[in-house]
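Below you'll find the structure, written out as C-alpha cells, and then a few comments.
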Amino acid sequence: RACDRQELASEKSARASEIRQRDAEASEAAGSKIVALENKVQLQQDQLKQLRAARDNILASQQDLPGTALEDEDLSPRQMMSDRQCRYLLAQLRILLRHSQE
C-alpha cells in the first residue's frame, strides 16, 4: 500500500506539473498574440501617419503648382497625362485615407 500511495502521489505530482506547464504555455501564447496585435496596430498607425503626410504633401504641391487653372487644351499631351495621373493618385490616396479612418 505504501508503494501504491507513492505511485499515486507521483502521478498527481506529474499531472500537476503537466497542468502548470500547459498553463504557462497557454499564457505565453496569449502574451505573444497580444504583442503581435499591438505591433500590428502600431504598424497601421504608422502607415496612417505616412498616408496623411503624403496627402498633405500632395495637396500642398498642388496648390504651389503654377498654371493649375489651365484648361486641358493649354497643356501639352505629356502635361495632360501627368496632370491626370496626379489627380488619379490623389483620388486614390483620399480613398485609402478614408478607408483607413473607418
Selection over the range 80-102 where residues are under 26 Å from the mean Cα position of the chain (by Cα) and acidic (Asp, Glu) yields a count of 1
Given the condition at pLDDT 85 or above and in contact with a helix residue (DSSP H, G or I) (Cβ under 7 Å, 6 or more places away or on another chain), answer yes or no: does some residue in the range 29-48 qualify? yes
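Taking the range 61-71, which residues are surrounded by fewer than 10 Cβ atoms within 10 Å (Cβ to Cβ) and either modelled with pLDDT of 80 or more or not polar (S, T, N, Q) (or both)? Give the steps one after another, and end with the answer.
Within the range 61-71, the subset surrounded by fewer than 10 Cβ atoms within 10 Å (Cβ to Cβ) is 63-64, 66-67, 69, 71.
Those that are surrounded by fewer than 10 Cβ atoms within 10 Å (Cβ to Cβ) and either modelled with pLDDT of 80 or more or not polar (S, T, N, Q) (or both): Asp64, Pro66, Gly67, Ala69, Glu71.
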In the range 77-102, anything touching a residue at least 24 places away in the same chain (Cβ under 8 Å) and open to solvent by less than 60 Å² (accessible area, probe 1.4 Å) is listed as Leu90, Leu93, Leu97, Ser100
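The values are calculated or read from the model by the stated rules, or taken from the named source; none is laboratory data. Just so we're clear, the structure is a prediction, and the values are computed from it rather than from any experiment. Using ideal geometry, Cβ is built from the backbone for each residue, glycine included, and neighbour counts are taken over all protein chains shown. Heads up: the accessible areas ignore ligands, DNA and RNA and are worked out on the full protein's heavy atoms, side chains in. Shrake-Rupley method; radii C 1.70, N 1.55, O 1.52, S 1.80 Å.
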